[in-house]
Structure formats: structure tokens, C-alpha cells
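Below is one structure, written out as C-alpha cells; comments come after it.
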Amino acid sequence: MKKFAAWILVLVLGASSTTAFGFPLKAVDTPNDKGNNVTLSWPAQPHPPEQWAVLRVEAGKTYAAIDTIGGELTSYTDETAKNGVPYQYRLAGLGAGGAGVFSEDSQPAVPEPSWFDTGKLNVFIVITLFLALVLYYIGQAQRGKQWSFRPIAGLAAIEEAIGRSTEMGKGVLYVPGVQDIDDIQTIASMIILGNVARMTAKYETPLMVPANSPAVYTVADEVVKGAYADVGRADAYRSDMVRYITSEQFAYVAAVNGMMLRERPAANLLLGAFFAESLLLAETGHETGAIQIAGTANVHQLPFFVVACDYTLIGEEYYAASAYLSKDAKLLGSLKASDTIKILLVLTIVAGCVLLTLGNHTLAEFFATQ
Amino acid sequence: MKREIPLLISMAAGIFVLIGFFVPHPAIRDIYDDIQGWVIIVVAFTYVLGMANLLRINTEQIQRRAKDWPYKLALVLSLIATMIVGFFFSRGSHYLDDGTGFSWIYLTFYSSMSSTMFSLLAFFIASAAFRAFRVRSVEALLLAVAALILMIGRVPIGNAIHPAIPQIADWLMEIPQNAAKRGILMGAALGVIATGFRVILGIERTYGEGGGT
Amino acid sequence: MSAFFANLRRLDRRWIFLTVGLLVVVPLLTGFHIAPVLPSARARGFYDAIEKVPPGSTVLLAGDYDPGTIAENYPMHLAVSRHLMRRNIKIIAVELYPGGPPLADQVLHIAGAEYKKREGYDYVNLGYKSGNEAVMSAMGSAGIPRTFPADRSGTPVGQIPVMKGIENFGQIAMIVSVSAGYPGTKEWVQQVVSRYHVPMVAGVTAVSAPEYYPYLQAGQLQGLLGGMAGAAEYEVLVKAPGLATRGMDAQSLAHIFIALMIILGNLAALPQRTPGAKK
């Protein structure tokens, strides 16, 4: 009954234009959204009421309450507004300490959807710069420019491992990680698989690719088939080279370990996203005497691979693998772009640290993510 | 056209999704959300292909009595039994509820075996520590010393030996470890962006057109 | 001595496995106690953050793990449920792993029986929803009732008293994430904490805990439990020693053994000198 009376009082006083009002209320179109939102903000009150009633009015209509919020809040987002319609707002105090407490009427605010999220401007600038550098260096590569890159032992060892398997008459086991095809590490793994499959096709080395998801199986199968056709060995491709195992993490590991122990491949290539199963795979592979090359961007699994495998590709070395293995000029150009942007980012970090030390937060705040 | 069409599709989708990340307007964002829904639907269809492959390979090996064929038979029978129980004897969409046949299979078999596989890590870590943790360089020595401090510092006995051990372990994790990890993560993030650009721009043609150059 | 090193080099790893097995099983079975568990600053942060939540508030308890990481995540999940219920804080449980709901049910029922809390009135398990981050995002934009229209047993959320008034993260006092990996704590921080500024604490597996230190330092997480050690520290703080505390003695012995293996492995790899050989 008390609450009902309070609401009636609010509506009567809120609808009235002769009631005395207090603090300012700001209403703006919520920035960087898909529309239908208006954000209200107001200064903190020395004695806030128990609750606020949020009142809203459109042209030609009267104020109506749309929500009740806690008295301690100093902002609110109306998510029920219609795009293109101007709205005005007012706050009315409710409950203890709320009698007669009102805000001023806000200026009209018109919600509209935004075409660009300005909160992501920093990301946009870096991505645009990166893309520009990639296109620039690809252009340079097409004009014959060559760069030298530091040798990565793990990548050089891939061909050596496949050659070793061929000499021993054994196969190569390629494990593309445990994430699905939408993970960039799995995509990178498929790219490397294409290069590896071309080598195994050339050397006639048996290849086994256990896939952890049907989508990965589908893509890997096409990649291997295409790679074999590419080097003119379509006849050597067999449909059981790539097989779907299971999507369950430890069941997959158990199956792959079983393959290692039964088939005894001479080389294990563990390239992709791995989690807790990394050491299980690496240790079992070691027991079979296989040469093991691992690569992942999952930092917490790197120690296990470093300890248990012969070679480990760490983070960006793994993503650079396709460029290194194919030696394609355009891919190497993108690698050069990657190195250049890294230098620029390092310089930005140093500059930001110096500025922060001097008390200037501009650069740090610009690069802060949401 | 066999190569160009997939490249065009991946380029168009990639550029659209990239733009969609920056544009909240419903004209773009609604399609962006729809595309993500389409991905889920397409991936759902691949389960049919995956299942067919699984059954084909294993039944072929059972038929020709390949090595360890009884395990393959156990796999196929378990798969079929679980599917039958899940579809017909587990209250439809509430198949994971307590008391259903499917949840019994899941908890009794899969859950136990999954925990067992995970627990193997403890044994493998010990054998890997003995076999492979060789101090052959200064870096390897630093790694070994850090590992020893952290292993002792992370358990109650570390504090019982000396209170400084867990404090050093915490410092190692919070400062040098974090710094190195952030460096690796930043490099990896750039690698991710570069890989994404290569796929979107069609430069990385190994992926998507079956390995052709 | 050289014979010792020679034997060490030939050591069958099954002896190592057997020793690890005994070092883990014996303390668990006999209750052999080595050293007391001392809570770390991170566990204290976790505990203090929950102590600051006013009684009567509603907390979202995300149990994003499955039986694979039960040893690490289950004890912290149970301990936090006990802590929340002891403080008369209402719990809305969700899981983003298909294997999560039965574990969440178990944890809530055990804690509920201890603190005489009623399902539906003091806590509810909304169950599993596929979609990973999309689910988290939908809970904020479309709202929690629209994302989870019914609880795990099929009761519409409109008929569940504890869900009354809960629309989105605006009514959630805190998020408690118990996570095994993906989707989990990182996604909750990215999708929810950064957008809606809901306080959050997390309990994660030991191997992934270092990943979350930056979030702790940035203030996006108020507390962090890492692995079984973190769970044990938290159990000490809530004065409910359980599985994790018992496991710490076994873990202590196992860690010492692994440290010893590193040292012995390097000793075993020392080159041998045959008698009378010249340098």
C-alpha cells in the first residue's frame, strides 16, 4: 500500500510542471551501440534516496515510469527507447529519503545506432597499419625483394623428421591439436599440414592425421588430398590417412596414444592448440622413440613440450611455419610486416612506459581495451 | 573457378566479419550475428561426415581382422549402444539429467576414464622430470632452479621448510613469468593477425583449396 | 658410486610411477599430515571479496568444468557454495560445459543440506547451455531469463522464487567462476566484467592460474584460487577443510619427489669416467 501510494505521488508530482526540481540530469544517445539505448548520468547526491524512479516522456505525451533503480547509482541506461525518437527523462526519489527529491528534466536525447565503435579506435588503427604493412611488403616481395629470417630449428627439423621416417619405413603422425576449426591455431595447423602432406607425398611416407572434430577432419582430409594431387601423387592418397576420433579431450588423447603405441610412427608432429593432454602425448611419443616436433600458442603447455619434445615452436614461430616451409615470397612478406609492426609496438610500449613514469597517461589510456 | 570461388567466399566472409567487429549498427551487426549462427549449422552437418568416417574405418579394420580389432569392435558397439540409449531411453532433450541412461553411461564410463587419463599426468610429469630435465646450458639451469623453487614453494611443505620459499615462488610467477608470458602472447597475437590476413587475402592458399599452389 | 649412477640411468620408469602412486595414495588413506596449509594473498582476496557481498544478494556461480578436472575444481566449487550459503547469499548456478550440471547439482545439494537451504528459494541450477561466450553475452543483452528460460529440471524461471527480479547482470552482486579452461574465467572477464563491471572472483586449474594474474593485477578479478592448493587455502579460510586440504599432503610429497627426480636425473646423466682413462 505504501509502495502504491509512493508511485501515485511520483506520477502526480512527476507529471506536474509546477513541482520544484534539484540536480541536473544528463541524457545522451548511448555511444557505440546498435541503437535503442539512452544513457542517463547525474551527480552523486549527498543524501540519496532508497530508490530512484526513472521517468521518461516523448513529444506530445506525459511522463511515465519505466524502471526503478537503486538510490546509490549515478547512471542508468534505458534499453527500451526507439531509434530516431527524442526522449526526455526525469528521476524521482522513492522510499526512505526520497520524498520530494527530483532531478531536472534532461535535454532531449535521440537514440541512434552507431556506425563505428569509437572504443575500438586503437584496435582499428593497429589493424589498418598492420594490413597496410602486409600489402606493402607483399608488393615488395612481388617485385623480387628478399629478406633474411633467422633459422628456426624446429621448422628445419620437419623435413628431416619426415626423411628419417621414410628411411626407417615408418609413418608420420600429425596431431592438429584439440580445438575446433574456428580456432586460429587449428587453421594454422591445417596450413602446415598442407606443407607436410606435400613432403610425405613426395617421399611416399605414410601419414596419419587423427582429427578431434568432424569439421577439422573434413578440412584436413581436403588439405591432404589436395596436397597429394598437387605433387602429382593423387594415387598415393588414402582416405584413411585422416580419421575422425572424438571431440572429447581425454578420449582423443587415449586414442592418439594408442595409435602411437600400435603404429610406432618415427615422427610425431604435435602442432595446434593443446591443453592438459600435451604431456600425455609427448611422453608417450618419446617412449616409442619418435622424433617429436611440437608447436602451440598455448603458453601454459609450452613447458611440457620444451621438456618432452625434441623441438618446440613457441607462439609466433608456430604461426610463421607456413611461410618458412613454403618459402613463398608473399608469405615471407607478411612475416616481414609482422616483424615491423612488432618493432613499432615495442617502441610504443617504451614510449608509454616513459610517459606514464612522467605522469602522462594519454598513450596508456588510448591503448586501454574495453 | 574451383580455386577462385572458395577464395572469394572466404575473403568476403573474412572482410565482413572483420568490419562487423568495429560496426555496431544493426545493418552490419545483425548479419554478423547471423553468420555466426550459420557457422554453427555448417559445423553440425560435419558431424555426419565425421561419424561416417569413424564407422567406416573401424568396421573395415574389424572385417579384415586388423591388429587390435577387438578394441575397434568395442568402440563401434559402445558408440551404437550410447547413441541408442541417448536417443531412445534418456528423456529426449533432457538426456543429461540425473537418472537417465545416458547420464549413467557418462558418469560411470566416460567421467571415470577421463579423470583417470588426467591423473596420468602426475606419473608422466615425474618420469619426464627424471628423463628430460637435463641441465645442459645456463638457460636450462635457470629453468631447473625455478622449477625446483616453484614446486616446493607451491605446497605447504615449502612454507614449513622456510617462509621465503613461497614468497620467492610468488615473485617468480608474478614478475619474470608474467613478463615473459606477455611477450610470447603479444608475439603470438601478431602471428594470429598475420595468419588471419593471409587467409582472408587469399595468400595462404594451402588452407581452403586443398593444398594447391 | 658409478654403479649407482649406471643403475639410475637404466631405471625403469615404472618404479617412478609406483613411487608416485604410493606417495599420493598413502597420505590420502592414512591421513598422514606433513605441514599446515597457509592461505595466500590471492586466496584471501577471494575470501574477502565474498565476505563483502551483502547477505540476501544474488551471486552467479559458473561451474565451467567437467569430471576431467574434478580434483582441482570440485573442492573449490563446494567450498565456495558453502561460503555463500553460510552468508545467506542466493546462488544462481550455470554451467558452460556439458559435463558440469551433475557436479553443480551435487555441490549445491551438499552445501544446501548443511546450511538448510532450499532449492528454488535459496539456490537454483539453471544447467548447461551451449554457445560458449555467446551465452555470456546473451545473459547480459537478452537477459538471464531469456537465455535460460528454465532450470535444469525444466521448471520455468518465472516460477522459481530465487529468480524473481533477476533480469541481467545488473541484479548480480558477484560472479564466481570455477573454470577448467575454455570457456571460462577469461571469457567471463572479457564478455561480462569489462562490459557490466560486475565484481568477479575465480577458481581455476593450477596450470592455467598464471594466465589470470594480469586480470588480478588489473583489478578485473578480486581473488583467484589456483588448483588444489588454492582450494585448500580457501577451505582453511572458510574453516571447512575437505578434499583439497587432505590432498595437499599427498601433493607435497609428490612435489618433493618430482624435485628429487630432477636432481637424480641430472646426476644420472653425468658422464662416466672409466678407471685408468686419460683426460
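The values are calculated or read from the model by the stated rules, or taken from the named source; none is laboratory data. Values in this document were obtained by computation on a predicted structure and should not be read as measured data. All Cβ positions, even for glycine, are placed from backbone atoms using ideal geometry, and neighbour counts span all protein chains on display.
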**Report entry** Matching residues, the range A:82-115, being buried (at least 17 other Cβ atoms within 10 Å of the Cβ), away from chain B (no Cβ under 14 Å) and in a loop (DSSP other than H, G, I, E, B)
**Finding:** A:Gly98, A:Val101, A:Ser103, A:Asp105, A:Ser106
Query raised in the report: Could you list, in sequence order, the residues of the range B:8-27 that are among the β-branched types (Val, Ile, Thr) and either closer than 19 Å to A:Ile127 by Cα or touching a Pro at 6+ places or on another chain (Cβ under 8 Å) (or both)?
Result: B:Ile15, B:Val17, B:Ile19, B:Val23
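Yes or no, residue by residue, for (1) away from chain B (no Cβ under 11 Å); (2) touching a residue at least 24 places away in the same chain (Cβ under 8 Å); (3) hydrophobic (A, V, I, L, M, F, W, C):
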residue: A:Met241; (1), (2), (3): no, yes, yes
residue: A:Ala276; (1), (2), (3): no, yes, yes
residue: A:Leu281; (1), (2), (3): no, yes, yes
residue: A:Leu302; (1), (2), (3): no, no, yes
residue: A:Asp310; (1), (2), (3): no, yes, no
Report summary line: The lone condition B:Ile15 fails out of (1) touching a residue at least 60 places away in the same chain (Cβ under 8 Å); (2) more than 9 Å from chain A (Cβ to nearest Cβ); (3) surrounded by 14 or more Cβ atoms within 10 Å (Cβ to Cβ); (4) aliphatic (A, V, I, L, M) is (3)
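Out of B:Leu141, B:Leu185, which single residue is out of contact with any strand residue (DSSP E or B) (no Cβ under 7 Å at 6 or more places or on another chain) and either of a type outside the set (A, V, I, L, M, F, W, C) or facing another protein chain (nearest Cβ under 9 Å) (or both)? Outline the logic, then answer.
Working: B:Leu141 fails: either of a type outside the set (A, V, I, L, M, F, W, C) or facing another protein chain (nearest Cβ under 9 Å) (or both).
Result of the check over B:Leu141, B:Leu185: B:Leu185.
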Report task. Identify all residues within the range A:205-226 that are at the interface with another protein chain (Cβ under 8 Å from one of its Cβ atoms) and not in a helix (DSSP H, G or I); write none if there are none. Result -> A:Ala211, A:Ser213
Report task. Restrict the check to the range A:294-309 and report whether at least one residue is closer than 19 Å to A:Ile162 by Cα and either of a type in the set (D, E, K, R) or touching a Phe, Trp or Tyr at 6+ places or on another chain (Cβ under 7 Å) (or both). Result -> yes
Query raised in the report: Taking interchain pairs and intrachain pairs at least six residues apart, which have beta carbon atoms under 7 angstrom, with the first residue in the range C:127-139 and in contact (Cβ under 8 Å) with a residue 24 or more places away in the chain and crowded, with 18+ Cβ neighbours inside 10 Å and the second outside any strand (DSSP E or B) and acidic (Asp, Glu)?
Result: C:Gly127/C:Asp151; C:Met136/C:Glu187
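Could you check the range C:1-109 for helices (runs of 4 or more DSSP H) lying wholly inside it with 2 or more residues that are under 22 Å from B:Ile152 (Cα atoms) and either within 13 Å of another protein chain (Cβ to nearest Cβ) or within 15 Å of the chain's Cα centre (by Cα) (or both)?
Values: elements: C:2-9, C:13-30, C:41-51, C:70-86.
Because the criterion is at least 2 residues that are under 22 Å from B:Ile152 (Cα atoms) and either within 13 Å of another protein chain (Cβ to nearest Cβ) or within 15 Å of the chain's Cα centre (by Cα) (or both), the helices (runs of 4 or more DSSP H) in the range C:1-109 that meet it are C:13-30, C:41-51, C:70-86.
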**Report entry** Residue check, C:Lys164 among the basic types (Lys, Arg), surrounded by 16 or more Cβ atoms within 10 Å (Cβ to Cβ) and in the same structural domain as C:Asp66 (by TED's automatic domain parsing)
**Finding:** no
Report task. Among the residues of the range C:140-154, write down those that are modelled with pLDDT of 90 or more and of a type in the set (A, V, I, L, M). Result -> C:Ile144, C:Ala150
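Residues to consider are A:Gln185, A:Gln179; find the one that is under 19 Å from B:Gly191 (Cβ atoms), part of a loop (DSSP other than H, G, I, E, B) and within 11 Å of another protein chain (Cβ to nearest Cβ). Please lay out each step first, then the result.
Values: A:Gln185 fails: part of a loop (DSSP other than H, G, I, E, B).
Among A:Gln185, A:Gln179, only A:Gln179 is under 19 Å from B:Gly191 (Cβ atoms), part of a loop (DSSP other than H, G, I, E, B) and within 11 Å of another protein chain (Cβ to nearest Cβ).
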Requested in this report: Looking for whichever is modelled with pLDDT of 90 or more and of a type in the set (Ser, Thr, Tyr) here; the options are B:Thr46, B:Thr100, B:Thr82. Which one fits?
Outcome: B:Thr82
Query raised in the report: Within the group B:Phe124, B:Phe118, which residue is at pLDDT below 90, within 7 Å of chain A (Cβ to nearest Cβ), in a helix (DSSP H, G or I) and within 22 Å of the chain's Cα centre (by Cα)?
Result: B:Phe118
Query raised in the report: So is A:Ile349 under 24 Å from the mean Cα position of the chain (by Cα) and under 17 Å from A:Leu133 (Cα atoms) or not?
Result: no
